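Here the structure is laid out as structure tokens; the discussion comes afterwards.
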Amino acid sequence: MTTQLNPVLRYGAVFFLVGLIVLCPVWELGVAPLRPGGSLLALKVIPLLFPLRGVIKGNLYTLQWSAMLILLYLMEGLVRAYSDPSGASVTMAKVEIILSLGFYLCAIFYVHPAKKAARAKKRAMEKS
């Protein structure tokens, strides 16, 4: 049984991840920093760099754990969209929400067929 993985979802995940990698330092150092001149919050981009290679290659394990990591960025975007006083920061938070949610959906729908095939294979092995 071969698993058909959708390359559009993989490329979508790469697009959204790279978008977040670009957005974070631009937001925190230029467009709407928490403090004038930027803050150390720009370092939040570093965890996003770790899964980049695996996501580009379409590694299922990397996509699984990075989908969980990206939920932190989704939560940050939601909190800052509703709590930041600056209009520019709220706009950037909304972009972060879109990018992180896009990555999450691409990642889970890319991984789903492989997980389904693995469960079916496990059931077949248990029956024999």
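The values are calculated or read from the model by the stated rules, or taken from the named source; none is laboratory data. Here the structure is a predicted model, which means the values were calculated and not measured. As a convention, Cβ positions derive from the backbone with ideal geometry for all residues, glycine included, and neighbour counts pool all protein chains shown.
What number of residues within the range 34-48 are at pLDDT below 90 and either touching a Gly at 6+ places or on another chain (Cβ under 8 Å) or surrounded by fewer than 17 Cβ atoms within 10 Å (Cβ to Cβ) (or both)?
Applying the first criterion (at pLDDT below 90) to the range 34-48 yields 34-42.
Filter once more, keeping what is either touching a Gly at 6+ places or on another chain (Cβ under 8 Å) or surrounded by fewer than 17 Cβ atoms within 10 Å (Cβ to Cβ) (or both): 34-41.
Looking only at that region, the number is 8.
Of all residue pairs spaced 6 or more apart or on separate chains, none has beta-carbon atoms under 7 Å together with a first member in the range 101-125 that is more than 19 Å from V8 (Cα to Cα) and a second member that is modelled with pLDDT of 85 or more and charged (D, E, K, R). Here V79 fits the description: more than 12 Å from the chain's Cα centre (by Cα) and modelled with pLDDT of 95 or more.
Output yes when any residue across the range 52-62 is more than 28 Å from G87 (Cα to Cα), among the charged types (D, E, K, R) and free of Cβ contacts under 8 Å to residues at least 40 places away in the same chain, and no when none is. There is at least one residue in the range 52-62 that is more than 28 Å from G87 (Cα to Cα), among the charged types (D, E, K, R) and free of Cβ contacts under 8 Å to residues at least 40 places away in the same chain. Taking the criterion of being basic (K, R) and under 15 Å from I21 (Cα atoms), would at least one residue in the range 70-89 satisfy it? So far as the range 70-89 goes, no, none of its residues is basic (K, R) and under 15 Å from I21 (Cα atoms).
For K94, the stated conditions do not hold, so it cannot be described as assigned to a helix (DSSP H, G or I), among the basic types (K, R), over 30 Å from M125 (Cβ atoms) and at pLDDT below 95. Within the option set L74, L20, being farther than 28 Å from K122 by Cβ, surrounded by 15 or more Cβ atoms within 10 Å (Cβ to Cβ), in contact with a Leu (Cβ under 9 Å, 6 or more places away or on another chain) and in contact (Cβ under 8 Å) with a residue 60 or more places away in the chain holds for one residue only, L20.
Do you know which of the residues in the range 50-59 that are surrounded by fewer than 17 Cβ atoms within 10 Å (Cβ to Cβ) and touching a helix residue (DSSP H, G or I) at 6+ places or on another chain (Cβ under 7 Å) is farthest from V14 (Cα to Cα)?
Here is the first cut: in the range 50-59, the residues surrounded by fewer than 17 Cβ atoms within 10 Å (Cβ to Cβ) are 50, 52-54, 56-57, 59.
Then keep just the ones that are touching a helix residue (DSSP H, G or I) at 6+ places or on another chain (Cβ under 7 Å); that gives 52, 54, 56.
Details: L52: 8, G54: 10, I56: 6 Å.
Looking at residues that are surrounded by fewer than 17 Cβ atoms within 10 Å (Cβ to Cβ) and touching a helix residue (DSSP H, G or I) at 6+ places or on another chain (Cβ under 7 Å), I get G54.
When only residues in the range 82-121 that are among the aromatic types (F, W, Y) and surrounded by 20 or more Cβ atoms within 10 Å (Cβ to Cβ) count, which is farthest from the chain's Cα centre (by Cα)?
Initial filter on the range 82-121 (among the aromatic types (F, W, Y)): 82, 103-104, 109-110.
Among the residues that remain, those that are also surrounded by 20 or more Cβ atoms within 10 Å (Cβ to Cβ) are: 103-104, 110.
Details: F103: 4, Y104: 5, Y110: 13 Å.
So, considering only residues that are among the aromatic types (F, W, Y) and surrounded by 20 or more Cβ atoms within 10 Å (Cβ to Cβ), the one farthest from the chain's Cα centre (by Cα) is Y110.
Determine whether M68 is hydrophobic (A, V, I, L, M, F, W, C), part of a helix (DSSP H, G or I) and in contact with a Leu (Cβ under 9 Å, 6 or more places away or on another chain). I'd like the intermediate steps shown before the answer.
Values: hydrophobic (A, V, I, L, M, F, W, C): yes; part of a helix (DSSP H, G or I): yes; in contact with a Leu (Cβ under 9 Å, 6 or more places away or on another chain): no.
It is false that M68 is hydrophobic (A, V, I, L, M, F, W, C), part of a helix (DSSP H, G or I) and in contact with a Leu (Cβ under 9 Å, 6 or more places away or on another chain).
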